[in-house]
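What follows is a set of notes on a single structure, which appears directly below.
The values are calculated or read from the model by the stated rules, or taken from the named source; none is laboratory data. Remember, it's a predicted structure, so these values are computed and weren't measured experimentally. Using ideal geometry, Cβ is built from the backbone for each residue, glycine included, and neighbour counts are taken over all protein chains shown. Keep in mind that these areas ignore ligands, DNA and RNA; they rest on the heavy atoms of the full protein, side chains included. Shrake-Rupley method; radii C 1.70, N 1.55, O 1.52, S 1.80 Å.
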2 protein chains.
Amino acid sequence: MIIQSLQTDYYRIPLPVVLSDASHGEVTHFDFVTARITTADGLEGVGYTFTPGTGGAAIHAHIDRDLRGVLLGADAGRIEQLWKRMWWHVHFAGRGGALTLAISAVDIALWDLAGKRAGEPWWRFFGGCENRVRAYAGGVDLQFTLDALVAQTEGFLERDFRAIKMKVGRPNLSEDVERVARLRQILGPDQPLMVDGNMGWRVDEAIRAARAFAEHGVYWIEEPTIPDDYEGHARIAREGGVPVATGENLRTLHEFEQMIRYGEIAFPEPDVALCGGVTVWRKIAGLAEAHNLPVTTHGVHDLQVHLLAAVPNASFLEVHMFGVEPYIRHPIEIDNGYAIAPDRPGHGVEFDWEMLSNHLVR
Amino acid sequence: MIIQSLQTDYYRIPLPVVLSDASHGEVTHFDFVTARITTADGLEGVGYTFTPGTGGAAIHAHIDRDLRGVLLGADAGRIEQLWKRMWWHVHFAGRGGALTLAISAVDIALWDLAGKRAGEPWWRFFGGCENRVRAYAGGVDLQFTLDALVAQTEGFLERDFRAIKMKVGRPNLSEDVERVARLRQILGPDQPLMVDGNMGWRVDEAIRAARAFAEHGVYWIEEPTIPDDYEGHARIAREGGVPVATGENLRTLHEFEQMIRYGEIAFPEPDVALCGGVTVWRKIAGLAEAHNLPVTTHGVHDLQVHLLAAVPNASFLEVHMFGVEPYIRHPIEIDNGYAIAPDRPGHGVEFDWEMLSNHLVR
């Protein structure tokens, strides 16, 4: 199954609603980079990655200039071999950063090909523990008024979600606490409520916040501080009294290992489009299982619904309202709090390429 | 001192001699990315970074597409403020990788401007502990025959070097040991001989190699394994019996902190063109001093001769025969084993831009 072509494109997609969190400011566009790989048997694998508005050109340059030569003419089925070659070919300017996002897009395309070749949807191809996984709606809502936050939450519940995540890190902790208390009231005592700090706090601030949220039954506190401070995460978990989730800004299997070992987190949270692709994602899930931990996810729910459903230690799937949704046929199905993994071969995500082409960066 | 213009260029520079080490294979070109910043007072600051042949387009894209907007119109003197803004603007696709190399080039240009504005060479501008530093010649010679290795070493000694580094990681350890023994014989008992494994070994292999080299008085063993394995470095240092140096593949201040804390290394080895620029380099030097450690360097000796000379805990400067040497006026001066920091304002590196333009990638 020789790789015959690689097409990579960089899109800049406007968001219908400006999003906000504690570290990215106001986000008006997403950068979206795709990798399409065809093999001699006529199959096409599709992979993609994204960022909140910067770095897309560098990711595209890595795929187009650095990875192309590794891929063309190679056997698409030897994904571990290709992963290793991509990693070391660009290691000096890579080892994380834009390179990991570039490899992620390629790796997703290669595993999509593998699934299609087998005629199996990913959730079965990767072991098929279940075909569904509990899902939560991830709001990106730090600057929303309390009324808008409440309205969004009610909308999520109407759409059959049974768990919600909200942003925290307002200028005053009392505002966060008021908003958390209000959502807990709406959700009742048992439906999970997660909070996401997006790295906005110092360790002492995060501990103070976690303690204030604890009485409102917060399920986890996500990215309470920068991902570079492992010991800080351990202190927050121990002294704050709320389980810690993190991972969207970790870029290697080793960083996950260190965050689990030194950071004592409860919910490793890889994003398959950001952690090195399916190849790394599945090792992180196994690493978590070895540590008696669940695995949860960030973003790209259309891909990760399969990956979580397939493994025995799945926690919640984040369903995230990124701007790419209108460009994907078959939106994810939510049923009584569960996301359903589709039965189309591979990951089953089909883009409206013509609609996307309006946002192509040349 | 408002930033008026930013020019960034990407060059692909052929090497006169093909270089080789244990992880990059044969290197025929260097990627070289420059950043030139001018301010309203008519001064120009020059910064640059490099890689062994891949990733240059992504680094260039980060500067050109992502960092430009942060820089133009900003106060060039507020380097900490700009550094923080560059870091967070691209954090999602950054936090290491090509972004760190991009920021490094910009940061070097900004500090060059600061030195020029003060009319001081960097070594004085940054504290002026000394104006010279002990230097070693860094050979990139893994595939050299023993005769070629000996000839190179004799050439280094004729050029007034009093310390040498060689590559190790040949297919058989006995070959490495033979080569190390031969160089030790040429250098006599006291002139330092460093060895560099370029991440080629597993931990057990590195321990075995270090033990075999120890009797030949090896000064340090560099990059014995992948930079992602902190505890592995600690084991190699403790069980191998040779001090460990590493840092050319670390991309954040935090990674250096972790490598010192968990990895127990003896020689932190930042490269100012790869670690985030002068701003980060000087914090790493201070971090090392706080831990009672020296700081040494990798690459770009024309810049780092100043940085090492300025601080009180300098170990050896690596003088490295990268391909960019012919394009720089005023080659570094070596005097009886010392490299001399020049007295030209800023870093004092002047390029032959016309000669470089032959290798511009468009």
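Report, by residue number, each residue of region B:326-337 that is within 21 Å of B:Arg12 (Cα to Cα) and open to solvent by less than 60 Å² (accessible area, probe 1.4 Å). Can you show your working first?
Just the residues of region B:326-337 that are within 21 Å of B:Arg12 (Cα to Cα), to begin with: B:326-329, B:331.
Scanning region B:326-337 gives B:Tyr327, B:Ile328.
Would you kindly identify the helices (runs of 4 or more DSSP H) lying entirely within region B:43-101 that contain at least 3 residues that are under 23 Å from the mean Cα position of the chain (by Cα) and facing another protein chain (nearest Cβ under 7 Å)? Spell out how you get there, then give the answer.
Values: elements: B:56-61, B:68-71, B:79-89.
Output list reads B:56-61.
Could you identify the single residue in A:Ile108, A:Ile79 that is out of contact with any Lys or Arg (no Cβ under 7 Å at 6 or more places or on another chain), under 19 Å from A:Leu274 (Cα atoms) and surrounded by 24 or more Cβ atoms within 10 Å (Cβ to Cβ)?
None of the others qualify; the one that does is A:Ile108.
With the requirement that a residue be closer than 15 Å to B:Leu253 by Cα and without any contact (Cβ under 8 Å) to a residue 12 or more places away in the chain, what does region B:54-87 give you?
Selection gives B:Lys84 alone.
Please tell me if B:Val140 is touching an Asp or Glu at 6+ places or on another chain (Cβ under 7 Å), open to solvent by less than 40 Å² (accessible area, probe 1.4 Å), hydrophobic (A, V, I, L, M, F, W, C) and under 27 Å from B:Ala341 (Cα atoms).
yes
Within region A:24-35, identify whether any single residue is within 9 Å of chain B (Cβ to nearest Cβ), open to solvent by 20 Å² or more (accessible area, probe 1.4 Å) and small (Gly, Ala, Ser), and answer yes or no.
Yes - at least one qualifying residue is present in region A:24-35.
Mind checking which residues of region A:9-23 are open to solvent by less than 20 Å² (accessible area, probe 1.4 Å) and within 16 Å of A:Gly47 (Cβ to Cβ)?
Matches in region A:9-23: A:Tyr11 only.
Please verify whether region B:211-220 includes one or more residues that are open to solvent by 10 Å² or more (accessible area, probe 1.4 Å) and among the aromatic types (Phe, Trp, Tyr).
So far as region B:211-220 goes, yes, one or more of its residues are open to solvent by 10 Å² or more (accessible area, probe 1.4 Å) and among the aromatic types (Phe, Trp, Tyr).
Test A:Ala40 against the criterion of being in contact with a strand residue (DSSP E or B) (Cβ under 6 Å, 6 or more places away or on another chain), aliphatic (A, V, I, L, M) and open to solvent by 20 Å² or more (accessible area, probe 1.4 Å), and give yes or no. Let's see the steps before the verdict.
Numbers: in contact with a strand residue (DSSP E or B) (Cβ under 6 Å, 6 or more places away or on another chain): yes; aliphatic (A, V, I, L, M): yes; open to solvent by 20 Å² or more (accessible area, probe 1.4 Å): yes.
So A:Ala40 passes the test.
Could you give me the residue pairs with C-beta distances under 6 Å whose first residue belongs to region B:341-362 and is open to solvent by 70 Å² or more (accessible area, probe 1.4 Å), whose second residue is of a type in the set (D, E, K, R) wherever it lies, and which are 6+ apart or on separate chains?
B:Glu350/B:Arg329
Counting just the residues of region A:226-276 that are closer than 16 Å to A:Ala209 by Cβ and surrounded by 24 or more Cβ atoms within 10 Å (Cβ to Cβ), which one comes out farthest from the other protein chains (Cβ to nearest Cβ)?
Step by step, filter region A:226-276, then rank; the result is A:Val242.
Go through (1) of a type outside the set (Asp, Glu); (2) out of contact with any strand residue (DSSP E or B) (no Cβ under 7 Å at 6 or more places or on another chain); (3) surrounded by 21 or more Cβ atoms within 10 Å (Cβ to Cβ) and name the single condition B:Lys165 misses.
The single condition B:Lys165 does not satisfy is (2).
Which residue pairs have Cβ atoms under 6 Å apart, sit 6 or more places apart or on different chains, and have a first residue in region B:306-325 that is surrounded by 23 or more Cβ atoms within 10 Å (Cβ to Cβ) and a second that is at pLDDT below 95 and not β-branched (Val, Ile, Thr)?
Sorted first by the residue in region B:306-325, then by its partner, the pairs are B:Glu318/B:Gly138.
When region A:146-160 is examined, which residues are found to be out of contact with any helix residue (DSSP H, G or I) (no Cβ under 9 Å at 6 or more places or on another chain) and either surrounded by fewer than 21 Cβ atoms within 10 Å (Cβ to Cβ) or not in a helix (DSSP H, G or I) (or both)?
A:Asp147, A:Ala148, A:Ala151, A:Gln152, A:Gly155, A:Glu158, A:Arg159, A:Asp160
Among the listed residues A:Gly77, A:Gly69, which satisfies the condition of being small (Gly, Ala, Ser) and over 21 Å from A:Gly348 (Cα atoms)?
Working: A:Gly77 fails: over 21 Å from A:Gly348 (Cα atoms).
The unique qualifying residue is A:Gly69.
With the structure loaded, tell me whether B:Leu6 is open to solvent by less than 40 Å² (accessible area, probe 1.4 Å) and in contact with a Lys or Arg (Cβ under 6 Å, 6 or more places away or on another chain) or whether it fails that test.
Here the answer is yes, as B:Leu6 does meet what is asked.
Given the condition buried (at least 21 other Cβ atoms within 10 Å of the Cβ), more than 19 Å from A:Asp112 (Cβ to Cβ) and acidic (Asp, Glu), answer yes or no: does some residue in region A:282-303 qualify?
No: zero hits.
Give the number of residues within region A:191-200 that are in contact (Cβ under 8 Å) with a residue 60 or more places away in the chain and open to solvent by 30 Å² or more (accessible area, probe 1.4 Å).
Selection size over region A:191-200: 1.
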